[in-house]
Amino acid sequence: MNAPSLELIGFSKRFGGLAALDEVSVKIVPGAFHALLGENGAGKSTLVKCAMGYYAADAGEILLNGRQVVINHPKQAHELGLGMVYQHFTLVPNMTVLENFVLSRKHLPSVIDWTVERQRLKDFFDTTPFTVPLDLPVADLAAGQKQKAEILRQLYLKRTLLILDEPTSVLTPDEADEVLSTLKQMTRELVLTIVTITHKFREVNAFCDTVTVLRRGKLVGTRPVSELDNDTMAEMMVGRRETRATVEREQRAAGKTVLQIEGLSVANTVGQLAVDVLSLDIHAGEIVGVAGVSGNGQRELVETLAGQRHAEAGVMKVHGERYTATRPEMIRHRIACLPEEPLRNACVAEMSVAENMALRSFDQAPASPDGVRLRRAPMRDVARRLIEAYRVKTPGPDAPIKALSGGNVQRAVLARELSSEGDLLIVANPCFGLDFAAVAEIRARIVQARNRGAAVLLVSEDLDEILQLSDRIVVMFDGKLALQTQAAQADVGAIGRAMAGH
Amino acid sequence: MENGGLGLWGVPLAMLAGAIRVSTPFIFVSVGECLTERSGRINLGLEGTLVMGAMSAYAIALTTGSPWLGVLVAACVGLLLGALHAGICQLPRVNDIATGIGLMLLATGLAFFLGKPYIQPKAPNLGAIELGWWSGIPQVRQALQVNYLFVVGIVSAFALAWALKNTRWGLIVRLAGESVDAALAMGVPVGRVRLIATAIGGAFAGVGGAFLSLYYPGSWNEGLSSGQGLMAVALVIFARWDPIRCLWASLLFGAAGAISPALQSVGITEGYYLFSAAPYVLTLGLMIATCSPERALRGAPGELGAVR
Ligand SMILES: Nc1ncnc2c1ncn2[C@@H]1O[C@H](COP(=O)(O)OP(=O)(O)OP(=O)(O)O)[C@@H](O)[C@H]1O
Ligand SMILES: [Mg+2]
């Protein structure tokens, strides 16, 4: 019975000219499972980071159990029993899980007895329904395991109020249910109060009891889940604005072969074969969806196609010509790529939005009339047009791209890649961490590209996305294709079994 | 040939002796730099620290007659230079590499300037443990002369490896080197941790310098180091930031460095300069063989070389 209540009163925070938060107040009762909803860039992460003392708010008061507290630093928040799982991972990659857990304890002995610590952690893992391997460096864990480790660490540290920033975006639906139901149980027993940020209505309906919605930095309202249905929640998030209709997929026969992959083998970062003698053809005007649990070689496959990784064996051909993912080849064959984690894989974080949007074309007219000089004005013009067309929320074309919220980075890269009307489009987890309006829009744009006659390789961990968009579905397991089927005849059960390796 | 009837056996023996002698400064500098780099700071100035340590140790040994006092003073000088480097690097918009190079030039210049009067005289030597007392063959006895600092170096490599893994202090150093965000979130004063780690790293390099001037080659002149400090910094990368591997890398490097004198001692003089390049060729070769553009450099501290 020590789950606290938390009240945030009148929080405001500006980043330069942009009001990320404007007079937002929320009240969270003891033992709540409180959801925070809002579009990308609505200010959800900013609000909880201010509460944790990670950002200094311009204004705002915090009441914990009704008493006013001052939190200027995450450490102070930790001492009050507040813990947060951030949108990005915070475990130290080069240390083992055990070392990470022990390090975050409040009082460390000057000489650490690893047998005792290991036993203590094992005993703790006996009480939790899911665990993670103790002696692997965190860098070697799959994304889902990392996220579980982040959550377990907070529980290990006996936090009484836990803030989760999109905790399930890297988990499979089953994993998400496992984690969330454990947490739900703890809130029921009143040992934990939870604030969770999410874009998934399914989770809100299944686990949360109260919802607070933000829109463009302002509070829209706080309501119990029982009073809300999905349409109302959606309306609270986006306001009264017509959502664009999804593009109808035209019936069209698959055209010429655009991409041929023959016997491709690729090694991963630690040198093991992640893609194992894989062959796949993709035709003009079709979307091939690659389903699979993360870590089965999808990332390496995409990196090879994008030129970030070399193949150990096998050939790739585009339009019948050998393709080695060099820049001239990409320009000649008009290949566009939206990799996962675009801020890391497709952007230069320190450069401006305009410069990032010009990465594919800065050495061609109009940005560079002669391939030597660079002109900023045309670059900025193009960027302004793309920002407008793809509704990228940014202070302007000259803002560094790393200051954009996760979803807006995604939009910016998509704008760059789709604006060239490519023949081959490679997309990986394009809707990761996006709100539903953005999801619908980005999916529509992918279908649009297909309707235009582009060949699309869609790698996604979201099976619904694959089922919704693909013409043909393949399942990747352990670096090989475990199943190939036309989407029209797809048997979801068989796909699920292939994803699990049966 | 007057090699006591050992024939070609003289070569491995001379290489062993060489490995022990030549590697000692490398051990000190690389183990110290290993500590510094694990805290997330690069100190290229260690070349200068090495020379400064050599000079000050020699000067103190000469004036007081106690070589060990010289070692102590060299360590203190290294400590100060390391702290200076860390202090400057903590200022906003200062780059580790540039500061390191600056300090390297400053310290070497200073050592040459202050060391002028000590070039001629002969200071007392540090001495060694005679492990070859049982043998009648002079080459064996000479090869098994193990200097004290070599032993200290080995012990400190193992001690550092243990401390990095098993002590609070070691974990905090690694945390500062791996992730500033995580360290700050846990209330670790990253700046102070790095200051201490860099100062201690500097002290190690100072001791390495004392070895050069007080044991082998055992005199002070301006060409004493000729880049050994820089080479030792490179060895840390080669050793993947592991103190024990730093030890092995230094020994390997020392042994390779001893090839050409060893060959000369048995009368093979052809290609003397070619064989002198052996350690560098070896290091380059191993680096190229073990590197990969895609595989992450295992063990590289996450914050290392982060330019702010
Ligand atoms: N460090 C920063 N510097 C400048 N601007 C920032 C910074 N962090 C956030 N912003 C801006 O503040 C706004 C709110 O960002 P925030 O990260 O809170 O959004 P969010 O609701 O968490 O969105 P998402 O669902 O995409 O994670 C965004 O427009 C973003 O560009
Ligand atoms: Mg966010």
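The values are calculated or read from the model by the stated rules, or taken from the named source; none is laboratory data. As the structure is a prediction and not an experimental result, all values here were calculated from the model. Virtual Cβ from ideal backbone geometry, glycine too; neighbours counted across all protein chains shown.
Odds and ends about this structure:
- Residues located in segment A:91-111, provided they are surrounded by 18 or more Cβ atoms within 10 Å (Cβ to Cβ) and facing chain B (nearest Cβ under 9 Å): A:Leu91, A:Val92, A:Asn94, A:Met95, A:Glu99, A:Asn100, A:Val102, A:Leu103, A:Ser104
Matching residues to (1) away from ligand 2 (no atom under 16 Å from the Cβ); (2) in the same structural domain as A:Ala274 (by TED's automatic domain parsing); (3) of a type outside the set (Ser, Thr, Tyr); (4) at pLDDT 85 or above:
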position: A:Gly396; (1), (2), (3), (4): yes, no, yes, yes
position: A:Gln410; (1), (2), (3), (4): no, no, yes, yes
position: A:Ile426; (1), (2), (3), (4): yes, yes, yes, yes
position: A:Gly433; (1), (2), (3), (4): no, yes, yes, no
position: A:Phe436; (1), (2), (3), (4): no, yes, yes, no
position: A:Ala444; (1), (2), (3), (4): yes, yes, yes, yes
position: A:Arg472; (1), (2), (3), (4): yes, yes, yes, yes
position: A:Met476; (1), (2), (3), (4): yes, yes, yes, yes
position: A:Ala488; (1), (2), (3), (4): yes, yes, yes, yes
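Conditions tested, residue by residue: (1) of a type outside the set (Asp, Glu); (2) modelled with pLDDT under 95; (3) touching a Phe, Trp or Tyr at 6+ places or on another chain (Cβ under 9 Å).
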| residue | (1), (2), (3) |
| --- | --- |
| B:Thr64 | yes, yes, no |
| B:Leu72 | yes, no, no |
| B:Gly78 | yes, no, yes |
| B:His85 | yes, no, no |
| B:Val94 | yes, yes, no |
| B:Thr99 | yes, yes, no |
| B:Pro117 | yes, yes, no |
| B:Ala123 | yes, yes, yes |
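- Selection of segment A:174-188 for residues being touching a residue at least 12 places away in the same chain (Cβ under 8 Å) and either out of contact with any helix residue (DSSP H, G or I) (no Cβ under 9 Å at 6 or more places or on another chain) or not aliphatic (A, V, I, L, M) (or both) yields A:Glu175, A:Asp177, A:Glu178, A:Ser181, A:Thr182, A:Lys184, A:Thr187, A:Arg188.
- Near pairs, Cβ below 6 angstrom, 6+ apart or cross-chain, from segment B:97-125 (charged (D, E, K, R)) to any residue that is surrounded by 13 or more Cβ atoms within 10 Å (Cβ to Cβ): none
- One residue alone among A:Leu467, A:Leu458 is touching a residue at least 40 places away in the same chain (Cβ under 8 Å) and assigned to a strand (DSSP E or B), and that residue is A:Leu458.
- B:Leu212 being assigned to a helix (DSSP H, G or I), within 14 Å of chain A (Cβ to nearest Cβ) and surrounded by 21 or more Cβ atoms within 10 Å (Cβ to Cβ): no
- Every pair of residues 6+ apart whose Cβ atoms lie under 7 Å, when the first sits in segment A:425-450 and is away from chain B (no Cβ under 14 Å) while the second is small (Gly, Ala, Ser) and away from ligand 1 (no atom under 13 Å from the Cβ): A:Leu425/A:Ala336; A:Leu425/A:Ala449; A:Leu425/A:Ala454; A:Ile426/A:Ala306; A:Asn429/A:Ser460; A:Phe436/A:Ala234; A:Arg450/A:Gly285
- If you go through segment A:398-408 and keep only what is within 14 Å of ligand 2 (Cβ to nearest atom) and crowded, with 17+ Cβ neighbours inside 10 Å, you end up with A:Leu404, A:Ser405, A:Gly406, A:Gly407, A:Asn408.
- Scanning segment A:204-244 for residues that are away from ligand 1 (no atom under 14 Å from the Cβ) and small (Gly, Ala, Ser), we see that the one that is surrounded by the most Cβ atoms within 10 Å (Cβ to Cβ) is A:Ala234.
- As for segment B:65-84, it holds at least one residue that is closer than 19 Å to B:Val236 by Cα, buried (at least 23 other Cβ atoms within 10 Å of the Cβ) and not hydrophobic (A, V, I, L, M, F, W, C).
- Count of segment A:450-485 residues which are among the polar types (S, T, N, Q) and touching a Lys or Arg at 6+ places or on another chain (Cβ under 6 Å): 0
- Filter pass, A:Ile151 being away from ligand 2 (no atom under 16 Å from the Cβ), touching a residue at least 12 places away in the same chain (Cβ under 8 Å), surrounded by 14 or more Cβ atoms within 10 Å (Cβ to Cβ) and assigned to a strand (DSSP E or B): no
- A:Gly271 satisfies every condition listed in (1) surrounded by 14 or more Cβ atoms within 10 Å (Cβ to Cβ); (2) among the small types (Gly, Ala, Ser); (3) within 14 Å of another protein chain (Cβ to nearest Cβ) except (1).
- Among the numbered conditions (1) within 14 Å of chain B (Cβ to nearest Cβ); (2) buried (at least 21 other Cβ atoms within 10 Å of the Cβ); (3) in contact (Cβ under 8 Å) with a residue 60 or more places away in the chain, the only one that A:Leu164 does not meet is (1).
- Lone unmet requirement of (1) under 29 Å from A:Arg299 (Cα atoms); (2) buried (at least 21 other Cβ atoms within 10 Å of the Cβ) for A:Met379: (1)
- Any pair with Cβ under 6 angstrom, 6 or more apart, that starts in segment A:204-220 at a residue that is part of a helix (DSSP H, G or I) and ends at one that is within 15 Å of ligand 1 (Cβ to nearest atom): A:Val204/A:Ala35
- Only one entry in A:Pro167, A:Pro129 is in a loop (DSSP other than H, G, I, E, B) and closer than 16 Å to A:Ala35 by Cβ, namely A:Pro167.
- Qualifying residue in segment B:251-264 (condition: more than 14 Å from every other protein chain (Cβ to nearest Cβ), surrounded by fewer than 22 Cβ atoms within 10 Å (Cβ to Cβ) and modelled with pLDDT of 85 or more): yes
- Scanning segment A:115-136 for residues that are surrounded by 14 or more Cβ atoms within 10 Å (Cβ to Cβ) and either among the aliphatic types (A, V, I, L, M) or within 9 Å of chain B (Cβ to nearest Cβ) (or both) yields A:Leu121, A:Val132, A:Leu134, A:Leu136.
- Residues of segment B:173-199 classified as at the interface with another protein chain (Cβ under 7 Å from one of its Cβ atoms), in a helix (DSSP H, G or I) and among the hydroxyl-bearing types (Ser, Thr, Tyr), total: 0
- Restricting attention to segment A:181-203, the residues that are within 16 Å of ligand 1 (Cβ to nearest atom) and outside any helix (DSSP H, G or I) total 6.
- Of the strands (runs of 3 or more DSSP E) contained entirely in segment A:1-110, those carrying at least 1 residues that are within 16 Å of ligand 1 (Cβ to nearest atom), assigned by TED's automatic domain parsing to the domain that holds A:Leu161 and among the acidic types (Asp, Glu) fall at A:18-28.
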